[in-house]
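Colleague: Attaching a single structure in structure tokens format; questions to follow.
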Amino acid sequence: MMVNFLKILVAVLSGIVLAFSFAPFDEAWVVWGWMWLLLPLLWTVSGKRRSLKGFGLAWLAGMGFWVINLKWLGTVTWPGALALSAYLSAYFGFFGAFAAGSVNPWRVKYERVKTIRDRAKQSLRSLGSAALLAGFWCGLEWVRGWLMTGFGWNGLGVTFAKNLILAQNAEYVGVIGLSFLPVFLSAVAVQTARRFYQQFRANEVKVLHWDFATALLLIMLSFTWGTIRLSSVTNEPKIEGRVLMVQQDIPQFADKILWEPSKIVEGFEELTADGIEEVFRESAEAAQ
């Protein structure tokens, strides 16, 4: 009973930890480690209903994440915020069912490897399961972005917004594709940690784990390409410019008033003219 309670607690905690990757906390580095809490829970479920149990644990993680991320909606309707959180957490749940069921790498009993060929097979199995999990997560984010009108808000790739180097890779894989990196690395890291522990118990510790080295190499390649891409842009000739943005001061009850299109256009024209005049005035004062 206590074990089940601790699993539930850790599952919720993993989602809370992930929430710290996003605003207003903006601890983006956390996105690389939150699954280190969740994946061991999913991979250690037992019994005939592994997928269902995995769904439940991951759904709880999703609730821990979305309730915090959607707290702004609570200022309008807390029941609505909780209902939306419960729905969005289902995508976490599907990931959990997939991870605990058909792609669970820990279903295979650990065996001591004696040859390079066996070590290569072991690493390939680890990389394969990690790639499937990461790809499945990206697929779920994509579906979430359009199903039932879509709610593609705050995928894992969003955490790279301030990491301009890794963010350059979005040019080729999109923001959803960036989510592949933390899930892939986490899945490999958790498998490597378990294998290292088992090797330690068997007194056959291997310093080099090829799957973990490959995962790090993928991150390094993404980082290197982002650096090259960013430097090629920053070294380009630049043209400085000023941007004028205007917004009408429309009251909250404006939806109850039938606004004439011409009045709306006139309002923007007036604000734009006043803004341009202010820009020229500031420029003239700065030149004196």
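Colleague: Test L41 against the stated conditions and say whether it is within 14 Å of G93 (Cβ to Cβ) and over 17 Å from the mean Cα position of the chain (by Cα).
Modeller: On the way: within 14 Å of G93 (Cβ to Cβ): yes; over 17 Å from the mean Cα position of the chain (by Cα): yes.
Here the answer is yes, as L41 does meet what is asked.
Colleague: Taking the range 108-133, which residues are basic (K, R) and either on the phi > 0 side of the Ramachandran plot or without any contact (Cβ under 8 Å) to a residue 60 or more places away in the chain (or both)?
Modeller: If the condition is that a residue be basic (K, R) and either on the phi > 0 side of the Ramachandran plot or without any contact (Cβ under 8 Å) to a residue 60 or more places away in the chain (or both), then K109, K114, R117, K121, R125 are the ones that fit.
Colleague: Of R144, R195, which residue is in contact with a His (Cβ under 9 Å, 6 or more places away or on another chain) and buried (at least 17 other Cβ atoms within 10 Å of the Cβ)?
Modeller: Result: R195 is the single residue among R144, R195 that is in contact with a His (Cβ under 9 Å, 6 or more places away or on another chain) and buried (at least 17 other Cβ atoms within 10 Å of the Cβ).
Colleague: Of the residues R119, R144, R112, which single one is under 19 Å from V190 (Cβ atoms) and of a type in the set (K, R)?
Modeller: Testing whether each residue is under 19 Å from V190 (Cβ atoms) and of a type in the set (K, R) leaves just R119.
Colleague: Can you tell me which residues in the range 134-152 are in contact (Cβ under 8 Å) with a residue 24 or more places away in the chain and either among the hydrophobic types (A, V, I, L, M, F, W, C) or assigned to a helix (DSSP H, G or I) (or both)?
Modeller: Residues satisfying the conditions are A134, G135, F136, W137, C138, L140, E141, W142, V143, R144, F151.
Colleague: Find the residue count for the range 200-232, including only residues that are modelled with pLDDT of 90 or more and polar (S, T, N, Q).
Modeller: 4
Colleague: Determine if the range 229-240 includes at least one residue that is in the same structural domain as L124 (by TED's automatic domain parsing) and within 24 Å of L127 (Cα to Cα).
Modeller: No: the range 229-240 contains no residue that is in the same structural domain as L124 (by TED's automatic domain parsing) and within 24 Å of L127 (Cα to Cα).
Colleague: Still on this model: Specify the residue that is modelled with the highest pLDDT; the eligible residues are those in the range 256-272 that are β-branched (V, I, T) and in a helix (DSSP H, G or I).
Modeller: Here the answer is T272.
Colleague: Which of the residues that make up the range 3-25 are of a type outside the set (A, V, I, L, M) and outside any helix (DSSP H, G or I)?
Modeller: F20, S21, F22, P24, F25
The values are calculated or read from the model by the stated rules, or taken from the named source; none is laboratory data. Just so it is clear, the structure is predicted and the values come from calculations on it, not from any experiment. Every residue, glycine as well, gets a Cβ built from its backbone with ideal geometry; the counts of neighbours run over all protein chains shown.
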